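**Student:** Pasting in a structure now, in structure tokens, and then I'll have a few things to ask.
Each reported figure results from applying straightforward, stated rules to the coordinates on display, with no laboratory input. Source: prediction; values computed, not measured. Please note: Cβ atoms are built from the backbone with ideal geometry, for glycine as well, and neighbour counts cover all protein chains shown.
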Amino acid sequence: MSILIYAESAEGKFKKVAFELASYGKKVAASLGTTVTAVTINAGDVSELSKYGVDKVLKVSSDKLSKFTAKAYADVIKQAAQKEGTKVVLLSSTTDSLYLAPLVAVSLDAGYASNVVGLPVSTSPFQVKRNAFSNKAFNITEISTDVKVLGLAKNSYGVFENASSLTEEDFSPSIGDNDFGVKVESVEKVTGKVTIADAEVVVSGGRGLKGPENWGMLEELASVLGAATACSKPVSDLGWRPHSEHVGQTGKPVATNLYIAIGISGAIQHIAGINSSKVKVVINADADAPFFKVADYGIVGDAFEIVPKLTEKLKEFKANNS
């Protein structure tokens, strides 16, 4: 009765969330006296999972699954859970897994808790701590079903090495045509830079930057920090930046280690979507901008003066410490 995790990958390589989920799963498995099994779909070398405590990998390889289709992927996870007789299924909170988790839960007749931010408070009864009210509060949720599905909030646990001896097994679930009711025509991917989904640091800009021609200084700062670039809703609505960079409650929620908001006033929907980030830095010329009320660090001033100076200082620091 192992714990099952879905280890997400892209183009054959595991995403960071896979290692965080494995780390979390190992700790939960220890409290339940069991092991961790991961199911992978079209992943390459799976041995890296053993560094983070995975004991067994069910490897699924199928050309049919080359493009993400929620129903088909959910069916694979369900069959993996049934094969292993698992009672706890763990998924991350990426866009794909947020689609998958409810489908997996329904197929397994399981209770589902999303936005889990810590290890189980209790295993008998089974209770977990979750973010609630757009990350403004926490609640303790009890799951009484035989099988439980948990969605771990991003960057809520961390990545920890805990080496194990790994067993690999080829797994060929039954995939029917009815799993592909939604046909994926194409997938557009960002190349050559850090994506918001995988970023530890996000540098985000708002209307205070006055136009798309000024985004170069944000991209330079992001490059120095190894960060992803993002924007507020008005910026994407104006067409200054692609909608894929829109973060917030109505865009992509983020839970990064560092979130830098430049020229963003801080509408409640934006703040709700980034509030799980651990450290929030705000740069804004308006001292009364709402964002300052939730910021860990704030700088009142002209972004066109501050950002280039900050970038240069960071470059000097990296050069002196390389």
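**Student:** Take the Cβ-Cβ distance between ASN257 and SER47 as r, set R0 to 25 Å, and report the resulting FRET efficiency rounded to the nearest 0.05. Spell out each step's value before the answer.
**Tutor:** Working: r = 27 Å, r/R0 = 1.08.
Result of the calculation: an efficiency of 0.40.
**Student:** Turning to a different aspect of this structure: Provide the packing ranking of 7-20, 155-168, i.e. peptides ordered by the mean count of other C-beta atoms within 10 Å per residue, highest first.
**Tutor:** Numbers: 7-20: 18.5, 155-168: 14.5.
Packing proxy ranking, top to bottom: 7-20, 155-168.
**Student:** Here is a further query. What share of Cα pairs, in percent, lie more than 35 angstrom apart in the chain?
**Tutor:** Details: 13824 of 51681 pairs.
Across the chain, Cα pairs with separations above 35 Å total 27 percent.
**Student:** Counting alpha carbon pairs within less than 8 Å and at least 6 residues apart, what relative contact order, in whole percent, applies to the stretch 196-320?
**Tutor:** Answer for the stretch 196-320 is 23 percent.
**Student:** If packing is taken as the average number of other Cβ atoms within 10 Å across a peptide's residues, how do 115-121, 130-136 rank, most packed first? Working shown, then result.
**Tutor:** On the way: 115-121: 18.0, 130-136: 15.6.
Ranked by mean Cβ neighbours within 10 Å, highest first: 115-121, 130-136.
**Student:** Same structure again: Relative to 2.2 N^0.38 Å, what does the C-alpha radius of gyration of the stretch 7-57 come to as a ratio? Two decimals please. Can you show the working numbers first?
**Tutor:** Numbers: Rg = 10.5 Å, N = 51, 2.2 N^0.38 = 9.8 Å.
Expressed relative to 2.2 N^0.38 Å, the Cα Rg reads 1.07.
**Student:** For the cross-link pairs LYS148/LYS193; LYS78/LYS252; LYS26/LYS309; LYS27/LYS64; LYS16/LYS318, which exceed 32 Å when the distance is taken from alpha carbon to alpha carbon?
**Tutor:** Numbers: LYS148/LYS193 36 Å; LYS78/LYS252 27 Å; LYS26/LYS309 44 Å; LYS27/LYS64 34 Å; LYS16/LYS318 24 Å.
In this structure, LYS148/LYS193; LYS26/LYS309; LYS27/LYS64 exceed 32 Å between Cα atoms.
**Student:** Next question. Note down the nm distance, to one decimal, between modelled labels 7 Å out along Cα→Cβ at LYS210 and at LEU238.
**Tutor:** Calculated label separation equals 1.1 nm.
**Student:** Dipole of the chain, Cα-centred, from +1 at each Lys and Arg C-beta and -1 at each Asp and Glu C-beta, to the nearest 20 debye? Spell out each step's value before the answer.
**Tutor:** Working: 34 positive and 35 negative charges, 116 e Å.
With Lys and Arg at +1 and Asp and Glu at -1, about 560 debye.
**Student:** Given R₀ = 30 Å, what would the calculated FRET efficiency be for LYS67 paired with LYS278, taking r from the Cβ atoms and rounding to 0.05?
**Tutor:** Taking R0 as 30 Å, the efficiency between LYS67 and LYS278 is 0.35.
**Student:** Which residue, LEU258, HIS243, VAL202, has the largest displacement toward the positive end of the dipole of the stretch 200-258 when charges sit on each Cβ (Lys, Arg +1; Asp, Glu -1)?
**Tutor:** In the stretch 200-258, that residue is HIS243.
**Student:** Grab the Cα-Cα distance for ALA30 and LEU119, subtract it from 0.36 nm times how many residues apart they are, and report the gain in nm with one decimal. Mind showing how you got there, number by number?
**Tutor:** On the way: separation 89, 0.36 × 89 = 32.04 nm, distance 1.12 nm.
Taking ALA30 through LEU119 to full extension adds about 30.9 nm, to one decimal.
**Student:** What distance in nm lies between label points placed 7 Å from Cα along the C-beta direction at LYS16 and VAL106?
**Tutor:** With each label point 7 Å from Cα toward Cβ, the separation is 3.2 nm.
**Student:** Also: Across 5 Å bins from the origin, how do the percents of Cα pairs in the stretch 196-320 run, short distances first?
**Tutor:** Whole-percent P(r) values from 0 Å outward: 2, 12, 24, 27, 22, 10, 2, 1, 0.
**Student:** Continuing with this model, one more query. What's the extension gain from ALA319 to GLU168 if we count 0.36 nm per residue and subtract their Cα-Cα distance? Walk me through the intermediate numbers first.
**Tutor:** Numbers: separation 151, 0.36 × 151 = 54.36 nm, distance 4.30 nm.
The ALA319-GLU168 span can extend by a further 50.1 nm.
**Student:** Return the loop-located trypsin sites (Lys or Arg not before Pro) in the stretch 61-96 (DSSP other than H, G, I, E, B) with at most 15 other Cβ atoms within 10 Å of their own Cβ; answer none if there are none.
**Tutor:** Details: sites: LYS64, LYS67, LYS71, LYS78, LYS83, LYS87; in loops: LYS67, LYS87.
Answer in residue order: LYS67.
**Student:** Another question, if that's okay. Any idea what % of Cα-Cα pairs in the stretch 3-180 are farther than 23 Å? Write out the running numbers ahead of the final one.
**Tutor:** Working: 5315 of 15753 pairs.
Counting every Cα pair in the stretch 3-180, those more than 23 Å apart make up 34 percent.
**Student:** Rank-order 38-46, 219-227 by packing density, defined as the average count of other C-beta atoms within 10 Å over each peptide's residues, highest first. Please list the in-between numbers first.
**Tutor:** Details: 38-46: 20.6, 219-227: 18.2.
Top of the packing list down: 38-46, 219-227.
**Student:** Helix-derived [θ] at 222 nm for the chain: sum -39500 (n - 2.57) over DSSP H runs of at least 4, divide by residue count, nearest 500? Spell out each step's value before the answer.
**Tutor:** Working: 7 runs with 85 residues, N = 322.
Result for the chain: -8000 deg cm²/dmol, rounded to the nearest 500.
**Student:** What percent does the relative contact order of the chain come to when contacts are Cα pairs within less than 8 Å and at least six residues apart? Mind showing how you got there, number by number?
**Tutor:** On the way: 685 pairs, mean separation 45.1, N = 322.
Relative contact order comes out at 14 percent.
**Student:** A follow-up question, please. Which of LYS154/LYS293; LYS15/LYS51; LYS15/LYS313 have a Cα-Cα distance over 20 Å? Please report the intermediate quantities before stating the final value.
**Tutor:** Working: LYS154/LYS293 24 Å; LYS15/LYS51 14 Å; LYS15/LYS313 31 Å.
Over 20 Å apart, Cα to Cα: LYS154/LYS293; LYS15/LYS313.
**Student:** ASP146 versus ALA285, label points 7 Å from Cα toward the beta carbon: distance in nm?
**Tutor:** The two pseudo-label positions are separated by 6.4 nm.
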